[in-house]
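Written out below as structure tokens is the structure these notes cover.
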Amino acid sequence: MSISLTGVVYTHPNGMRALSDINLSIKADEQVAIIGSSGAGKTTLLKLLATSLLSSSGDLQLLQHNPAQLSARALRQLRSRIGLIHQSPPLPPRQRVVTAVLAGRLGQWSLARACLSLCYPSDIEGARAELSRLDLAEKLFERCDQVSGGQQQRIGIARVLYQKPDIMLADEPVSAMDPVLAEHTLSILGSIARERGVPLIASLHAVELALKHFPRVIGLRAGEILFDKRADAISQQDLDALYLNTGLDDTADQYAAAANNSLRSRCL
Amino acid sequence: MPVTATRAHWHDPAATPRALLTLALLLVLWPGLQLTEFRPQILFNAQNREVMGRFLAGFWPPDTSAEFLLMLGRATLETLAMATAGLALALLLAIPLSLIATRTLSISALFSGRPSRTGRLLRYPVRFVLIVLRSIPEIVWALLFVRAVGLGPTAGVLAIAITYSGMLGKVYAEIYESVDPQPARALLQSGSSRLAAFLYGVLPNAAQELTSYTLYRWECAVRASVIMGFVGAGGLGQMIDLSMRMFAGGEVVSILLTFLLLVLLADQISQQLRKRLA
């Protein structure tokens, strides 16, 4: 079992409960989409899985480790085995694409190798291979601020692919891409995860993308799992229940979104 | 309908506080001028005009005799060497200190949003060391070192190294904190070490700012080494001191023109490097 959560609760420092009683287990060969309205707790759940937040209570096991019980060193090692694709790719604008991709393995490299690689990229071929899977090989030596938002998002994906993690997480990985590219990118991500035998967990706004590209879909609502089913077993009623009132109850939704934003700026 | 909409004129609510703040600043300036006995009109009374006129008249033309230019060249090189060596030594101390002092690379901040207690306890003493290093003016250090290591540029190099490591360390740490922290945090979050996260996440964004500040400091170090020359640390400063004592105005002007060239040079280098790093 790659990931298992038992009774996991997360409460923000300001006392707002973002996740309550999450029970979940994900095997290495699974691709899971997390859907739900904004503020439902998707990002918080991904942050728990990425060990950038610690659960308030409950048991969280990642690759047979509980991040809360690990020493700083062991936690670093665990983190280097988990790849998180960010919604807004965290790339320094002046960095070259090749360096940005190679940075994926900093957790595994020695400091000496990291320094040398800044002088001359130590694995150009490796970076090119991952970029070419995302049709970006020709951008290898360009600067990150010279490519479009969708391309930056794919560079962020290439970095995580280069990291070769044992768990792949993705927070809205295709939000800056047009529909065709989004479909294409998600299918590539899925096939790479299958090929490497690592679990892929992605949060998505677009329900149809989730249903189409992920065999298993988890619906989050107000910090709880509303459903956790095979994609082909999800009915319209499930989706209606998931997004019930979210359009009408504007104030609650805005409040939740604001809370989510403040969390993002504080924690990541 | 909101009540305010019925009012005849819209009024900027920030206007009154701003006006009061400006007034307050001007009021604070006044005692400053009084304390420094700032009375510019003295410059223009007849007697002073004549004295200054005579002093300045001796300044032209600049001294261009071969013998003097040779000495000037040597002194310029000595000044440049003093500034450069001092700054290089300062960097050796400033870079590690700034890396410890900055909050950007806190791994514990990943979890809670703020650095852990141990991290903060380590950072404060380092910040204090940086304050101590830069709070004593380089001229004081120079006076001290001239007594310790004797007359000559060595004293200047040591004085610049100590004072400037404090300034550079403080500003470097602030520059790291001013750039977008996301790239470094993402790297820390995927298991990278702090130093690697700094090199790959902070440095690319901060390089331009760091270079231009360092070069500006180099320019300041050139000027500082001139001033320290007055207390016997060699270079252009010692030369200008001697020339002034001998009332050799032409020599003074030649030396001042050399300063101008040096600052222009520093400015050009800074601009070129900034362009390359932009």
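The values are calculated or read from the model by the stated rules, or taken from the named source; none is laboratory data. The shown structure was predicted, so the numbers you read here are calculated from the model rather than taken from an experiment. Cβ: placed from backbone, ideal geometry, glycine included. Neighbour counts: every protein chain shown. Surface areas here come from the heavy atoms of the whole protein model, side chains and all, with no ligands, DNA or RNA. Shrake-Rupley method; radii C 1.70, N 1.55, O 1.52, S 1.80 Å.
If only the Cβ of Lys and Arg carry +1 and only the Cβ of Asp and Glu carry -1, the dipole of the protein assembly as shown around its Cα centre is close to 1180 debye. Counting only other chain Cβ atoms within 10 Å of each residue's Cβ, the peptide A:73-79 averages 3.
With respect to chain A, whose longest principal axis is taken over its alpha-carbon atoms, helix A:149-163 is tilted by about 80°.
Give the carbon-plus-sulfur fraction of the accessible surface of region B:14-57 in %, rounded to a whole number; probe 1.4 Å, heavy atoms of protein chains only. Ligands and nucleic acids excluded, carbon and sulfur reach 73 percent. Counting only other chain Cβ atoms within 10 Å of each residue's Cβ, the peptide A:191-199 averages 0. Solvent-accessible surface of the protein assembly as shown, averaged per residue with a 1.4 angstrom probe and all protein chains in place: 50 square angstrom. Buried surface for the B/A pair, taken as the accessible area of each chain alone minus that of the pair with a 1.4 Å probe, is close to 2600 Å² in total. Mean per-residue shielding of peptide A:154-167 is 1, counting Cβ atoms of other chains within 10 Å of each Cβ.
How far is helix B:203-228 tilted, in degrees, relative to the longest principal axis of the Cα atoms in chain B, given as a value from 0 to 90 rounded to the nearest 10? It works out to around 30 degrees. Once both axes come from the Cα atoms, what is the angle between helix A:179-196 and the longest principal axis of chain A, in degrees from 0 to 90, rounded to 10? The two axes meet at around 80 degrees. Per-residue ellipticity at 222 nm computed for the protein assembly as shown from its helices equals -19000 deg cm²/dmol, with DSSP H segments shorter than 4 residues left out and the rest contributing -39,500 (n - 2.57). Hey, how many Å between the Cα centroid of region A:83-113 and the Cα centroid of region A:64-79? About 21 Å separates the Cα centre of region A:83-113 from the one of region A:64-79.
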